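The values are calculated or read from the model by the stated rules, or taken from the named source; none is laboratory data. Note that the structure is predicted; figures quoted are calculated from it, not measured. Positions of Cβ are generated from backbone atoms using ideal geometry, with glycine treated the same way; all protein chains shown enter the neighbour counts. Quick note on the areas: whole protein, heavy atoms, side chains included, nothing else; ligands and nucleic acids left out. Shrake-Rupley method; radii C 1.70, N 1.55, O 1.52, S 1.80 Å.
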Amino acid sequence: MATTILNVSNRLPVTVGEKITKSSGGLVAALEGVAADHYALHWIGWPGAEIPPARREHVERELVHDYGCTPVFLSREETRGFYEGFSNSSIWPLLHSMPSYVRYESRWWDAYRDVNRKFADVVLSIAKPDDLVWVHDYQLMLLPRMLTEAMPSLRVGFFLHTPFPSYDIFRRHPCRSELVSGMLGADIVGFHTYSYMQHFRSVALRLLGYESEITRINHEGRSTLTGVYPIGINAQRFADELKRPEFASRRREFAANDQGKQIVLSVERMDYTKGILHRLDAIELFLNSAADRDRVKFIFISVPSREGVEDYKALREEVEARVGHINGRFATLAGSPIRFYHGSVNFTDLCALYSSSHVGLITPLTDGMNLVAKEYVAAQSDDPGVLVLSEFAGAAEELFNAVLVNPYDAQAVADAIEQALKMPADERRARIEPMRRRVMRHDARYWASSFINDLQSHRQPTEEKDGAAEARRIIAEAIASEKRIALFLDYDGTLRELERDPDAARPSSAIRALLDSLSRRPNVDLTIISGRRAEQMQAWFGDCPFGLIAEHGASERRPGPAQQWEQLDRNLSYAWKDDVLKALRAYEDSTPGTFVENKRTSLVWHYRRADPEFGKWKADTLVSELMALLANEPLVIRHGKKIVEVTAADVNKGAAVRRIIGGENYDLVVCAGDDQTDESMFRLDVPGLLTIKVGEGNTQARYRVPTPAAFRKLLNEALAGASDAGSSTRHPDAATAH
Ligand code: GDG
C-alpha cells in the first residue's frame with residue numbers, strides 16, 4: 001500500500017462558500033505531482049470560512065470524499081486570536097525582523113495553542129503510524145511536537161515559508177522557547193535559505209542549549225534534521241500559459257494600452273514586508289531627476305491582504321496617499337506616472353503583465369522567498385525584461401543575475417530603475433537566461449519531492465540502537481540470579497538531566513525512588529560517583545545507604561549514612577594550583593558569564609552561561625594554553641561539558657572504582673557516565689565490566705542510551721525484569737518512570 005502524505009497547512013486548497021471551489025496554487029500542483037506515482041495525498045486545514053455547526057458534517061463528508069481534504073473547523077473567535085492575532089500580528093512581523101510591528105496579547109497565545117491542538121487532534125484522528133506528515137508555516141509551529149509526542153513513530157516534517165530571524169530578534173518574543181521547541185518536535189525542519197537555517201540553529205543553541213551540526217540538532221534523545229529547500233513555482237503552468245492564444249492577445253492589449261511607454265511592474269500582497277513605501281520613495285527620486293517622465297509607467301498590482309489587522313489597514317491608507325501625492329506631483333497631459341491597482345488579476349493577465357513589462361521591480365524589505373520574482377523570470381521570452389530584485393528576498397540567492405538592490409537605499413533603487421530601463425537587449429538576455437533555466441528546473445515539484453524524500457528516509461536514533469536492550473537484560477538477569485553486582489553511576493547528565501544552574505539539579509523523587517530500589521537489593525552495591533564537592537553530595541544523599549564518591553575520586557563515603565567522608569588524596573601536592581588559578585582567572589576576566597571554582601582537589605573554569613560559541617572557542621584556547629603551561633606536571637586537563645578542569649592525574653573515577661572493587665569478587669561491575677571524566681571508568685580492565693554511555697559523543701563504553709531519562713528507564717526496567725524473573729515484587733515506577 002502506498003505511503004500517505006498528510007499535508008497540513010493553515011488553509012486547505014479549497015474554498016468553501018455556497019459551493020466548494022478548488023484552488024490551483026503552486027503547492028497543490030507540486031504535491032499532486034510528487035504524490036502521483038508513489039504516495040496517497042491527503043490535506044488537513046482550515047476551510048477558509050466559519051462553517052455553521054449544522055453544515056459541518058455535510059461539508060466534511062464532501063471535502064473528504066471529493067477533494068481528499070479533512071477540515072479543521074474554527075469559530076470566528078478562534079480565527080481572530082489564532083490567525084489575525086498571534087499568527088499575523090505577533091509572529092509574522094517577528095519572523096520578518098520587524099519588531100516594531102510585533103503585538104502580543106496572552107489570549108492570542110491561548111488561541112494559538114488551542115488551535116494548534118485542534119489541528120493535532122484532527123491529524124491524529126486519521127494518521128496511521130507509517131504516514132508522513134508535512135506541516136507548513138508559522139501558523140502551526142507548535143504542531144510538530146504535539147504530533148510526535150502523541151505518536152512517536154509518525155514522521156513529521158515542518159517547512160517555514162517565511163524567514164527565520166537572528167537570535168537577538170527572536171529572543172524578544174514572550175513565547176520564544178515554546179515556539180522553537182514546538183518546531184523541534186519535527187524530524188526535519190526546512191527553510192528557504194541557509195541563513196534562516198543558521199539563525200534557527202543559533203536560537204536552538206542559545207535559548208534551549210541544544211548543540212548542533214550544520215544539518216542536525218540533537219536534543220533529548222531525538223535528532224531533528226535541518227535543511228535548505230528553496231521553494232519553486234509551478235513552472236509547467238507558466239510554460240503552458242505562454243503558449244495559449246488568450247495570453248498572446250492579452251499581452252498585445254496591454255502593450256497597446258501603454259504604447260510608446262516602458263512599463264515597470266510590481267506585484268505583491270499589500271504587506272509592510274514588501275517595501276511598498278520605500279519603493280515609492282525611490283520612484284519619487286527617479287521621477288524627480290528623469291529627463292522624460294512620460295516615457296515610463298509604473299504599474300502596481302497590490303493584492304488585498306489581512307485587512308482585519310490594523311497595521312495592514314493603516315499601510316493601505318498610507319500607500320494610497322503616497323501614490324496620490326506622487327501622481328499629483330508628476331502628472332502631465334499624457335497621464336500620471338503610477339497606475340495603482342488594489343485587487344487581484346487572473347492568471348492569464350498576470351502572465352501577460354509580467355511578459356509585457358520592461359522591468360519587474362520587486363523590492364521587499366525582507367521576504368522568505370518571493371515567488372513573484374521567479375514567476376517574472378519564467379514569463380520572459382525572446383525580448384526579455386529586467387528583474388530588479390531586493391537583496392533581502394530569499395530568491396536573491398538563486399536569482400543572482402538580477403539587478404540586486406538594497407531597498408532601504410532609495411537612490412540606489414532609483415539608479416537601478418534607470419539602469420534597467422536602459423539595458424541593451426544582449427545584456428537583458430544574458431541575465432535572464434540562466435535564471436530562467438534554474439527557475440524552470442528547480443520548480444515547486446522539485447522542491448516538494450526533495451523535502452518528502454528526505455523525510456521518508458530520516459530515521460530517529462532509537463533507544464535500542466546501541467544495544468541498550470542487551471545491557472538491560474544482563475543487569476536484570478544478574479539481579480534475579482543473585483549475582484554480586486557493583487553499580488557506579490555518575491550523577492549529572494547520567495542519572496539527572498543537566499541544568500544551566502548546577503544547584504538546580506536536585507534529585508527528583510523518581511530518581512530517589514530508583515536509587516532506593518537499587519540499594520535495597522541485597523546483591524547490589526551502589527555507588528554514586530561524581531565530580532561534585534563532598535558537601536553537595538552529603539546534602540543531597542547524606543541520608544542514603546549507598547556509597548558516595550566526590551571530586552572524581554578524591555573523597556569517599558563508604559555505604560551507610562553514619563559513615564564519615566575520607567580524603568583519598570592526602571599524599572598529593574597542590575602546589576600547582578597558584579599558577580593554574582592565575583591562568584583561569586584571566587579567562588574569567590575576559591569571558592563574560594564564566595567563573596572559576598576552586599575545589600579542594602581541582603580548579604574548574606565554568607562557561608555554561610557564556611555565549612555558547614564564544615565560550616567554546618575560549619575553552620579550546622584555554623586548553624591549549626594549559627597544555628603548554630603544565631606539560632611536565634602530573635596533572636590532567638579535562639574539557640568536560642561546559643567546563644575546563646585541572647586535577648591531579650592520580651585522582652580520577654577509574655582509579656576510585658578500582659580501589660573500591662579491589663578486594664571484592666563482583667560478577668558484574670556496571671559503570672555509567674556521560675562525559676570525558678567517566679571514560680577512565682570505561683577503560684578499566686576488570687572482570688565483569690559493563691559500561692554505558694549516556695548521550696552523544698565518542699566513548700569507549702560498550703553500550704549507549706540517548707538521555708538520562710532513557711538510562712533511568714533502563715534501570716527501572718532491569719529491576720522490573722529481575723522481579724518478574726525472581727520472586728520480589730514489581731517496582732511501581734518500572735513501566736512509566738522517566
Ligand atoms: C509567502 C512568503 C514565500 C500575487 N498577485 C496575484 C497573484 N499573486 C500570486 C503570485 C505568487 C503569490 O501570489 C505570492 O507569493 P510570494 O512568494 O511572492 O509572497 P507571499 O504571499 O508573501 O508568500 C514568501 C511564499 O510564501 C512561498 O513559500 O515565497 O516569501 O512570504 O504566486 O503569483 N496571483 C494572481 N493574481 C494576482 O493578482 N493570479
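What's the whole-number percent of alpha carbon pairs in the stretch 577-648 lying beyond 21 angstrom?
14
Using a 1.4 Å probe on the protein chains only, how many percent of the accessible area of the stretch 619-733 belongs to carbon and sulfur?
Result for the stretch 619-733: 46 percent of the exposed heavy-atom area is carbon or sulfur.
Residue 225: net charge of surrounding residues, Cβ under 14 Å, Lys/Arg +1, Asp/Glu -1, itself excluded?
Details: positive: 155, 201, 216, 222, 459; negative: 187, 213, 454.
So the surrounding residues net to +2.
Can you pull the accessible area of residue 22 for me, 1.4 Å probe, Å² to the nearest 10?
110
I'd like to compare 135-143, 110-118: which one has the highest average count of other Cβ atoms within 10 Å, and what's the full order after that?
Averaged packing, sorted descending, gives the order 135-143, 110-118.
How much accessible area per residue does the chain have, counting only protein heavy atoms and a probe of 1.4 Å, in square angstrom? List each step's numbers first, then the result.
Working: 31360 Å² over 738 residues.
On a per-residue basis, the chain sits at 42 Å².
Go through 358, 342, 552 and list them by solvent-accessible area, largest first, probe radius 1.4 Å. Present the calculation step by step, with values, prior to reporting the outcome.
Values: 358 70, 342 45, 552 10 Å².
Final ranking, largest accessible area leading: 358, 342, 552.
For residue 22 and residue 153, what does the FRET efficiency come to when R0 = 25 Å and r is the distance between their Cβ atoms, rounded to the nearest 0.05? Intermediate results must be reported in sequence, preceding the final value.
On the way: r = 32 Å, r/R0 = 1.28.
Efficiency computed from Cβ-Cβ geometry: 0.20.
How many angstrom separate the Cα center of the stretch 533-592 from the Cα center of the stretch 1-45?
Centre-to-centre distance over Cα atoms comes out at 62 Å.
What trypsin sites (Lys or Arg not before Pro) does the stretch 216-254 have in DSSP loop regions with at most 16 other beta carbons within 10 Å?
Passing both the DSSP loop test and the Cβ count: 243.
In Å and from the alpha-carbon atoms only, list the Rg and Dmax of the chain.
Values for the chain (Cα only, Rg and Dmax): 32.3, 107 Å.
Express the relative contact order of the chain as a whole percentage, based on alpha carbon pairs under 8 Å and six or more residues apart in sequence.
Across the chain, relative contact order equals 9 percent.
Report Rg (one decimal) and Dmax (nearest whole number) for the stretch 236-440, counting Cα atoms only, units Å.
16.0, 46
In whole Hz, with x marking every Gly and Pro, tabulate ³J(HN,Hα) for the stretch 211-227 from phi via Karplus 6.51 cos²θ - 1.76 cosθ + 1.60, θ = phi - 60°.
7, 8, 9, 3, 10, 8, 10, 9, 7, 6, x, 10, 10, 10, 7, 10, x
Show log10 I(q)/I(0) for the stretch 140-207 at q = 0.13, 0.20, 0.29 Å⁻¹, two decimals, from a solvent-free Debye sum over equal Cα scatterers.
Scattering profile of the stretch 140-207, log10 relative to I(0): -0.34, -0.78, -1.34.
Please arrange 109, 565 by accessible surface area, largest first, computed with a 1.4 Å probe and ligands excluded.
Reading off the accessible areas and sorting them downward yields 565, 109.
Using a 1.4 Å probe and ignoring any ligands, DNA or RNA, find the accessible area of residue 309 and quote it in Å² to the nearest 10.
Here the accessible area works out near 10 Å².
Along the charge dipole of the chain, which of 51, 699, 331 sits closest to the positive end, that is, farthest toward it, with unit charges on the beta carbon of Lys, Arg, Asp and Glu (+1, +1, -1, -1)?
Value computed over the given set: 51.
Under the rule of -39500 (n - 2.57) per DSSP H run of 4 or more residues, summed and divided by the residues of the chain, what mean residue ellipticity at 222 nm is obtained, to the nearest 500 deg cm²/dmol?
Details: 26 runs with 305 residues, N = 738.
It comes out at -12500 deg cm²/dmol, rounded to the nearest 500.
Contact order normalised by length for the stretch 236-440, with contacts defined as Cα pairs under 8 Å and 6 or more residues apart; what percent is it? Could the numbers behind the result be given before it?
Values: 353 pairs, mean separation 51.1, N = 205.
Across the stretch 236-440, relative contact order equals 25 percent.
Roughly what % antiparallel, to the nearest 5, for the DSSP beta bridges in the stretch 236-440?
5
Whenever you get a sec, line up 347, 682 from highest to lowest accessible area (probe 1.4 Å, protein heavy atoms). Let's see the in-between values first.
Working: 347 40, 682 15 Å².
Result of the area sort, largest leading: 347, 682.
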